[in-house]
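Asker: Structure in structure tokens, see below.
Each value in this text was obtained by applying a stated rule to the coordinates, not by laboratory testing. This structure is a prediction, so every number in the text was calculated from the model and none was measured. Don't worry about glycine lacking a Cβ; one is built from the backbone with ideal geometry, like all the others, and counts go over all protein chains shown.
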Amino acid sequence: PVPKKIPAHWINNRWGQKWPGLVEAANIDTYFEGRKPEWIIKTAEQFYTGLGFSPLPESFWKKSDLYPLPPDSKRKKNTHASCWHIDLENDIRSLQSIEPNARWFFTAHHELGHGYYFKAYTRPEVPYLLRLGAAPGFHEGVGELIALASSQVPYLQSRGVYLFLLRRDAALGSGHLCAQPAARSMERALVEIRFRFSRHRVAVAARRRILRCRY
Ligand SMILES: [Zn+2]
């Protein structure tokens with residue numbers, strides 16, 4: 001019999017990073033249709049420059065392998081995204097296969113989390129030995145945090161990704177905006193995730209507001 005609680009890696013993503021396919025309404029790929037893959041990675045870089053970090057080194061754009069290979073390509077590549085601090089200096093590269101969809105939008109933000117972490121290590125007062133970081137898990141945590149931030153509705157809207165048509169809910173009378181049904185499920189899912197990560201009162205309040213908007 002299937003136990004009530006199952007390991008996260010039994011579901012779709014073997015690293016247990018995401019749980020795709022469980023909530024049908026959370027598919028927002030259509031909102032990325034028509035975007036260029038270059039727009040996705042540049043938008044991810046802008047997330048970090050918006051925080052005050054400097055742009056990625058020029059070599060990142062020349063030496064990274066960011067886009068899918070043509071179907072008839074003789075060269076093959078691992079399509080699982082990664083980011084590398086090649087020389088522990090400024091040679092930072094990423095392996096991705098960016099396509100215009102939500103998954104790659106969030107993944108690009110995640111991978112640059114590694115890249116910007118590497119950049120932060122690249123300073124004279126940090127010996128090479130320490131530029132590897134305490135544990136890869138910490139980089140993953142930073143990448144996932146930024147990926148989560150990049151999935152927030154206000155950020156997506158600020159990048160021109162309008163997840164849904166918004167309508168004012170007159171019943172609330174507070175000017176709070178409620179989403180259309182599919183997007184509402186998405187927003188609830190995102191808030192649920194955020195809620196699990198934090199018991200901060202703001203997150204709880206946001207969750208309550210959205211639940212109140214259910215109908
Ligand atoms: Zn990662």
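Asker: So what's Rg/Rh here for region 63-111, counting alpha carbon atoms and using the Kirkwood radius for Rh?
Answerer: 1.01
Asker: Nothing charged except the Cβ atoms of Lys and Arg (+1) and of Asp and Glu (-1): what's the magnitude of the dipole of region 4-142 about its Cα centre? Round to the nearest 20 debye.
Answerer: Roughly 380 debye for region 4-142.
Asker: Once Rh for region 29-158 is found with the Kirkwood sum over Cα pairs, what is the Stokes-Einstein diffusion coefficient at 25 °C and 0.890 mPa s, in µm²/s?
Answerer: Value of D from the Cα-based Kirkwood radius: 160 µm²/s.
Asker: Residue by residue through region 67-73, what is 3J(HN,Hα) from phi via Karplus (6.51 cos²θ - 1.76 cosθ + 1.60, θ = phi - 60°)? Round to whole Hz and write x for glycine and proline.
Answerer: Whole-Hz 3J(HN,Hα) from phi for region 67-73: 10, x, 7, x, x, 8, 5.
Asker: Output ³J(HN,Hα) for region 117-134: one whole-Hz value per residue in order, computed from phi by the Karplus curve 6.51 cos²θ - 1.76 cosθ + 1.60 with θ = phi - 60°, and x for Gly and Pro.
Answerer: 5, 4, 4, 5, 6, 7, 8, x, 6, 9, x, 3, 4, 8, 6, 7, x, 6
Asker: Also: Can you tell me the length gained on complete extension of the stretch residue 123 to residue 30, counting 0.36 nm per residue apart and subtracting the Cα distance?
Answerer: Working it through step by step, the gained length comes to 29.3 nm.
Asker: Go through region 82-90 residue by residue and turn each phi into a ³J(HN,Hα) via Karplus (6.51, -1.76, 1.60, θ = phi - 60°); whole Hz please, and just put x for glycine and proline.
Answerer: 7, 9, 9, 9, 4, 10, 6, 10, 9
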